[in-house]
1. Select from the stretch B:81-98 the residues that are in contact (Cβ under 8 Å) with a residue 24 or more places away in the chain and in a helix (DSSP H, G or I) and write down the one among them that is farthest from the chain's Cα centre (by Cα).
2. Out of the stretch A:90-114, which residues are outside any loop (DSSP other than H, G, I, E, B), in contact (Cβ under 8 Å) with a residue 12 or more places away in the chain and exposed (fewer than 12 other Cβ atoms within 10 Å of the Cβ)?
3. Given the criteria surrounded by 19 or more Cβ atoms within 10 Å (Cβ to Cβ), out of contact with any helix residue (DSSP H, G or I) (no Cβ under 7 Å at 6 or more places or on another chain) and within 30 Å of residue A:50 (Cα to Cα), does residue A:123 qualify?
4. Which of the numbered conditions does residue B:273 fail, given that it passes all the others? Conditions: (1) in a helix (DSSP H, G or I); (2) in the same structural domain as residue B:22 (by TED's automatic domain parsing); (3) without any contact (Cβ under 8 Å) to a residue 24 or more places away in the chain.
5. Going through the stretch A:53-80 one residue at a time, which ones are more than 18 Å from residue A:14 (Cα to Cα) and loosely packed, with under 14 Cβ neighbours inside 10 Å?
6. Here are some conditions: (1) within 13 Å of chain A (Cβ to nearest Cβ); (2) without any contact (Cβ under 8 Å) to a residue 60 or more places away in the chain; (3) buried (at least 18 other Cβ atoms within 10 Å of the Cβ); (4) under 16 Å from residue B:3 (Cβ atoms). Residue B:78 meets all but one. Which one does it not meet?
7. With respect to residue A:50, is the statement that it is touching a strand residue (DSSP E or B) at 6+ places or on another chain (Cβ under 9 Å) and part of a helix (DSSP H, G or I) true?
8. Would it be correct to say that residue A:50 is at pLDDT 90 or above, more than 16 Å from the chain's Cα centre (by Cα), under 30 Å from residue A:136 (Cα atoms) and surrounded by 15 or more Cβ atoms within 10 Å (Cβ to Cβ)?
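The values are calculated or read from the model by the stated rules, or taken from the named source; none is laboratory data. Computed from a predicted structure; not experimentally measured. Here the Cβ positions follow ideal geometry from the backbone for every residue, glycine too, while neighbour counts run over all protein chains shown.
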């Protein structure tokens with residue numbers, strides 16, 4: 001219980017790890033948009049090469065990338081099958097009332113490839129960026145919008161506190177569970193309804209304790225002069241380096257390739 | 001401007017409570033002192049601590065920190081920077097997911113420039129002897145280590161006074177020792193004024209001055225030696241006395257000629273040897 005990892009971050013010191021979180025967020029966003037610009041198979045060569053180079057640079061094994069795909073296998077399969085049967089066109093094979101068309105096969109494969117690239121691209125971001133750095137990046141990117149009412153600092157602070165207290169509350173859950181089991185509580189048998197009911201003696205103390213912690217923490221933060229994001233400085237300021245510029249240039253080439261494949265060929 | 005925390009005729013009532021939690025408290029904490037406040041549960045000692053850094057404002061009377069009145073809301077941030085506060089539960093006062101980020105939290109709130117924060121954080125972690133833990137997530141630390149992180153977070157704000165509200169209550173004996181040694185060092189080497197609220201009498205013995213509270217009143221004040229020699233009075237309000245003092249008291253009851261202000265084991269040895 002003590003060694004839980006949050007998110008799927010894998011610590012490392014590769015070029016990709018070192019990139020400014022803002023760079024990575026922006027590039028991931030651009031990458032996702034560009035995937036939707038592409039409209040034929042040849043166009044995929046660009047994002048494929050891009051992601052391949054990025055993965056190699058990050059030194060993260062393919063195993064972890066594939067792991068990110070696993071929970072989405074059903075959606076990927078469903079996408080493929082639906083496209084396969086639903087699209088009208090030249091029939092290649094018939095099973096009862098259903099028919100597989102050439103266009104369906106083409107479109108299905110096309111969509112699956114897009115989905116896979118989408119997932120791999122975003123997991124590369126979360127694999128190489130710790131949640132806390134990611135939070136800093138998001139805060140910094142949202143800051144210009146705080147003038148129009150986006151609570152950038154507050155959102156980031158909430159994320160930080162949530163991340164900070166996940167292990168603490170996990171430990172607490174474990175403790176309460178054991179205490180209730182010692183009193184004869186049963187958390188593992190019965191049907192779903194019964195099991196949900198059995199969770200009540202776990203959740204009530206957990207919630208009460210969480211509220212007490214919130215009260216304590218608020219007081220501790222206040223006595224350490226916390227008063228929101230105004231006039232606040234940071235020890236670690238995000239800084240872009242030449243590596244970030246290089247990453248943006250590479251993304252520029254990716255964009256050029258994708259746009260050319262769509263509009264020129 | 002007076003360099004002291006001063007409480008004058010302070011009363012405090014929690015909203016909706018029928019009685020005053022603090023009744024007419026007059027206290028002076030001088031700069032550089034190490035003061036321990038003891039008292040049974042509900043005697044008002046935690047309430048008093050929260051009045052010292054403006055978390056609470058007195059219902060009657062006034063509290064000033066270096067001449068700044070806590071009732072004046074414009075002073076509140078200045079007061080909290082001058083009088084840092086360490087709480088009981090180390091888990092509930094650590095904000096960040098990395099030790100050094102948490103230590104930086106206070107100075108960040110004060111708007112200190114980044115390079116200066118870096119310097120202060122390194123220095124604070126050095127003082128509490130947690131340099132090697134700077135990059136660790138706090139939940140992997142022991143209770144004593146977590147409480148030292150909390151103390152470092154306060155030191156980094158460069159306060160003159162550090163008020164500790166039962167900082168060792170939730171720790172095991174090892175953690176308790178770590179924290180108390182840190183506290184002593186802060187007072188003796190760093191010259192910080194310490195207000196230590198505790199219910200461990202062995203900790204109060206280390207202080208320059210002990211304040212005893214009961215039912216909202218300050219009932220005794222003096223050096224540890226003066227206070228702990230009044231064994232019967234302390235017991236009457238439900239307080240313990242240090243083990244050695246208790247032993248000396250009992251031995252005297254059996255007719256042994258022993259001083260009544262024995263506080264440490266070494267002193268006890270000194271007293272007993274001539275009798276052998």
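1. B:91
2. A:98
3. Against the criterion (surrounded by 19 or more Cβ atoms within 10 Å (Cβ to Cβ), out of contact with any helix residue (DSSP H, G or I) (no Cβ under 7 Å at 6 or more places or on another chain) and within 30 Å of residue A:50 (Cα to Cα)), residue A:123 does not qualify.
4. All conditions are met except number (2).
5. The initial filter retains those residues of the stretch A:53-80 that are more than 18 Å from residue A:14 (Cα to Cα), namely A:66-80.
A:66, A:67, A:70, A:71, A:73, A:74, A:75, A:77, A:78, listed by residue number.
6. It fails just one condition, (3).
7. Against the criterion (touching a strand residue (DSSP E or B) at 6+ places or on another chain (Cβ under 9 Å) and part of a helix (DSSP H, G or I)), residue A:50 does not qualify.
8. It is true that residue A:50 is at pLDDT 90 or above, more than 16 Å from the chain's Cα centre (by Cα), under 30 Å from residue A:136 (Cα atoms) and surrounded by 15 or more Cβ atoms within 10 Å (Cβ to Cβ).
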